[in-house]
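First comes the structure, then the notes that go with it.
The values are calculated or read from the model by the stated rules, or taken from the named source; none is laboratory data. Fair warning: this is a prediction, and the values are worked out from it, not measured in the lab. Here the Cβ positions follow ideal geometry from the backbone for every residue, glycine too, while neighbour counts run over all protein chains shown.
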Amino acid sequence: MPSSTHDVAHLQPETRPSPLQSALLAPCESAGIAHGFFTRHGGVSTGIYAGLNIGLGSNDNPAHVHENRARVAGWFGGEEADLVTVHQVHSPNVVTVTEPFGSQRPQVDAMVTDRPGLILGALAADCGPILFADPVNRIIGAAHAGWKGALTGVLENTIKAMIALGAARTSIVATLGPSISAKAYEVGPEFVERFLAHDTAYQQFFTPSTKPGHSMFDLPGFTVKRLTDAGIAADMLGLCTYGDPEQFFSYRRTTHASEPDYGRQISAIMLQGPRV
């Protein structure tokens, strides 16, 4: 774990954020790129938000959310102000980050940067968080991709934005973090038709549901296929947010339980080095 300037040493081990790691991204650490797919463990939120809820848009106690965000930043050795997140709107749009946004977060779904010290974070609670790195040219990215963003190009646009900063397609690697799996993602016929209108080959990501006329959608498989079709190396953690309430928040699980709101976990990546 990177050294931390944020005071997390006083926390009990079980209350410290301890993110999951990607085997594909881990070698990038030698190039000074740190990453983590954070679970809901290690935070101060309570009730339906219990744990490390990062969602500024949730109805959680704002003080708890800010403390949780500070803990994530602390894991990277930074402060809360170094943690950059956007107002995610299920779009294909990407922003190049040169400094923290402050209170005015752009309405986009992906970010890229070549600036050390900025922690790029993608929030999710069933949608796919994807972390990108080019360890050769030291360019990173983070994207939030639900079905709409993945279908309309947020992944490809993130890669293009990285290349515009100096990345090489052949050097970029990406990992999809915890997201809803096919066994938990039932969709109606109009959903399937929307995908097949783009490409009939997308039928491979749908399997029949036990409910007549419905299908189970493999969002993780679709996401990784779009990434590899774009010419980069990509994999997934293969962890389902819906089926693991102990580790992950889930929008769909919350909806099925008729709960009033839900937490969001974060996946984040940073170029190590002093802020410039």
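Identify the residue in the stretch 73-105 that is acidic (D, E) and assigned to a loop (DSSP other than H, G, I, E, B) and, among all such residues, is surrounded by the most Cβ atoms within 10 Å (Cβ to Cβ).
Filtering the stretch 73-105 for residues that are acidic (D, E) and assigned to a loop (DSSP other than H, G, I, E, B), the one surrounded by the most Cβ atoms within 10 Å (Cβ to Cβ) comes out as E79.
Which of the residues that make up the stretch 250-276 are hydrophobic (A, V, I, L, M, F, W, C) and within 29 Å of P27 (Cβ to Cβ)? Give the steps one after another, and end with the answer.
Filtering the stretch 250-276 down to residues hydrophobic (A, V, I, L, M, F, W, C) leaves 257, 266, 268-271, 276.
Across the stretch 250-276, the qualifying residues are I266, A268, I269, M270, L271, V276.
Exactly one of these conditions fails for Y49: (1) over 20 Å from D109 (Cα atoms); (2) out of contact with any Ser or Thr (no Cβ under 8 Å at 6 or more places or on another chain); (3) hydroxyl-bearing (S, T, Y). Give me its number.
With (1) over 20 Å from D109 (Cα atoms); (2) out of contact with any Ser or Thr (no Cβ under 8 Å at 6 or more places or on another chain); (3) hydroxyl-bearing (S, T, Y) applied to Y49, the lone miss is (2).
For every residue, the table says whether it meets (1) crowded, with 21+ Cβ neighbours inside 10 Å; (2) not hydrophobic (A, V, I, L, M, F, W, C).
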residue	(1), (2)
A133	yes, no
A145	yes, no
T152	no, yes
A164	no, no
A167	yes, no
T175	yes, yes
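Of a type outside the set (K, R), within 16 Å of the chain's Cα centre (by Cα), more than 30 Å from E80 (Cα to Cα) and crowded, with 20+ Cβ neighbours inside 10 Å: does that describe L219? Break it down into steps so the answer makes sense when it comes.
On the way: of a type outside the set (K, R): yes; within 16 Å of the chain's Cα centre (by Cα): yes; more than 30 Å from E80 (Cα to Cα): yes; crowded, with 20+ Cβ neighbours inside 10 Å: yes.
When the stated conditions are applied, L219 passes them.
Of the residues A122, A161, A182, only one is more than 21 Å from L24 (Cβ to Cβ), at pLDDT 95 or above and of a type outside the set (F, W, Y); which?
Working: A122 fails: more than 21 Å from L24 (Cβ to Cβ); A161 fails: more than 21 Å from L24 (Cβ to Cβ).
The conditions single out A182.
May I ask you to list the residues in the stretch 1-54 that are at pLDDT below 95, out of contact with any helix residue (DSSP H, G or I) (no Cβ under 6 Å at 6 or more places or on another chain) and farther than 26 Å from R138 by Cα?
Hits for the stretch 1-54 are D7, A9, H10, L11, Q12, P13, E14, T15, R16.
Would you confirm, using the coordinates I've provided, whether V108 is assigned to a loop (DSSP other than H, G, I, E, B), among the aliphatic types (A, V, I, L, M) and touching a strand residue (DSSP E or B) at 6+ places or on another chain (Cβ under 9 Å)?
Values: assigned to a loop (DSSP other than H, G, I, E, B): yes; among the aliphatic types (A, V, I, L, M): yes; touching a strand residue (DSSP E or B) at 6+ places or on another chain (Cβ under 9 Å): yes.
Spelling it out, V108 is indeed assigned to a loop (DSSP other than H, G, I, E, B), among the aliphatic types (A, V, I, L, M) and touching a strand residue (DSSP E or B) at 6+ places or on another chain (Cβ under 9 Å).
Which strands (runs of 3 or more DSSP E) does the stretch 162-244 wholly contain that include 3 or more residues that are at negative phi and of a type outside the set (G, A, S)? Reasoning before the result, please.
Working: elements: 173-176, 206-208, 215-217, 233-236.
In the stretch 162-244, 173-176, 206-208 are the strands (runs of 3 or more DSSP E) which contain 3 or more residues that are at negative phi and of a type outside the set (G, A, S).
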